[in-house]
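The values are calculated or read from the model by the stated rules, or taken from the named source; none is laboratory data. If you're wondering where the values come from, they're calculated on a predicted model, not measured in any experiment. Don't worry about glycine lacking a Cβ; one is built from the backbone with ideal geometry, like all the others, and counts go over all protein chains shown. What goes into the accessible areas is simple: the full protein's heavy atoms, side chains included, and nothing from ligands, DNA or RNA. Shrake-Rupley method; radii C 1.70, N 1.55, O 1.52, S 1.80 Å.
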Amino acid sequence: MAVLITGIGELTTNDPELGKLHDAALVLDGGEVAWAGLASDAPDADERVDAEGRAVLPGWVDSHTHLVFAGDRTAEFEARMAGKPYSAGGIATTVGATREASDAELAANLRRHVDEAAWQGTTCLETKTGYGLNVADEARSARIAAEVADEVTFLGAHLVPPGAEVESYVDLVCGDMLDAVAEHARWADVFCETGAFDEAQSARVLKAAAERGLGLRVHGNQLGEGPGVRLAVELGAASVDHCTYLSDADVEALAASDTVATLLPACDLSTRQALAPARRLLDAGATVALASNANPGSSYTTSVAFCVATAVLQMRMSIEEAVWSATAGGARALRRSDVGVLRPGARADVHVLDAPSVTHLAYRPGVPLTWAVWRRGTRLR
């Protein structure tokens, strides 16, 4: 059934040919965008929805989350707010709870968070394994994720589990663990950071994954300058995520590559670190994405709108840059062209704001502005 959304006050398409339209309309049909243009030129459809002057944009593309987990890390958060520094080690707390949880509990928790995100306009979502850290639990995490999320990333190289020797664990990640998860994942990731995996270990994991046909992502430069960005660019990773601490050489490398710099401002705020240098990256010509990094330890939010507002208010991004980065930028980080854009043939993922323009996402920070959401052409709210 074709649906005509008319009366759109401002339509952000992210399509270079269509641009931003006013007094616009969209037709959704069969899970795809069938038509986009001025409301005066709109064709007939089976159903009509009047946006009454509201702004319409593509659904958020959240290209970095960790949502296959169990347990709670409120105590860690409270300690951090009291002055304890953030480190990678807190991940082990979630690993223990995740291993003890049943498949049904993990699936229900994942679904709850994905639905929560969708209610706020997120229509395409990536999530990672990484809280199992053994063959059986990483495999079931990947399987459960594949049943719910749009994109699945294998992150067995999240942390060396307690009691394991690092090189032996890397052997396991590159061998039996990768074999067990490969059928359920499209991507592989590694936490290339002090306290996690060094450059050589990270390279081993990424090269093994590439040999198995998985695309590459990297957690890098979160806690300080390091090899993450350089390694991601050298190996042709789709994205390097965090990018909180960057040298001039890192910025230049990203600008000269196809690797997307995915910034995670909610995580920077929650860990009380500096915000990533978005302006430096954009001015240099790098491609930037914004994502939530939704996880129970360092960024427990599914609100991409919060990340957009933070990027504008505190990271010197324009509203247009921030919205693009949270939609088309996320799609670039996932190497997709069917989401993050509203043009004929794209997936019918639509976010309608209860506001006349996307500027209100930063102008009214913290206010829930989502009025309606379509995902694959089905209206969710």
Original post:
Angle, helix 304-314 long axis vs. longest principal axis of the chain, Cα atoms, 0 to 90°, nearest 10?
Top reply: 90 degrees
Original post:
Dipole size in debye (nearest 20) for the stretch 22-93 around its Cα centre, Lys and Arg Cβ +1, Asp and Glu Cβ -1?
Top reply: 780 debye
**OP:** Heads up, I need the accessible area for THR244: 1.4 angstrom probe, whole protein in place, Å², nearest 10.
**Re:** 10 Å²
**OP:** Using only protein heavy atoms and a 1.4 Å probe, report how much of SER325 is accessible, in Å² to the nearest 10.
**Re:** 0 Å²
Subject >> Accessible area of the stretch 7-48 divided out per residue, in Å², using a probe of 1.4 angstrom >> reply: 52 Å²
Subject >> Span from the the stretch 216-260 Cα centroid across to the the stretch 58-105 one, whole angstrom >> reply: 23 Å
Subject >> Charge dipole of the stretch 106-171 about the Cα centre (unit charges at C-beta), most positive-ward option of ILE144, HIS113, PRO162 >> reply: HIS113
**OP:** Using a 10 Å cut-off on Cβ atoms, rank the peptides 114-127, 207-220 from the highest mean neighbour count down.
**Re:** 114-127, 207-220
Original post:
Roughly speaking, what is the centre-to-centre gap between the stretch 115-146 and the stretch 277-320 when only Cα atoms are used, to the nearest Å?
Top reply: 21 Å
Subject >> Accessible surface of PHE306 - all protein chains present, 1.4 Å probe, nearest 10 Å² >> reply: 90 Å²
Subject >> Where the stretch 154-263 is the region considered: accessible area per residue in Å², 1.4 Å probe >> reply: 36 Å²
**OP:** Return one number: the angle in degrees, 0 to 90 and rounded to the nearest 10, between the long axis of the Cα atoms of helix 103-119 and the longest principal axis of the Cα atoms of the chain.
**Re:** 40 degrees
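Where the only charges are on Cβ atoms (+1 Lys, Arg; -1 Asp, Glu), what is the dipole of the stretch 54-144 about its Cα centre, to the nearest 20 debye?
Details: 10 positive and 12 negative charges, 34 e Å.
Taking the Cα centre of the stretch 54-144 as origin, the dipole is about 160 debye.
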**OP:** On the protein heavy atoms, probe 1.4 angstrom, tell me the percent of accessible surface of the stretch 308-381 carried by carbon and sulfur.
**Re:** 49 percent
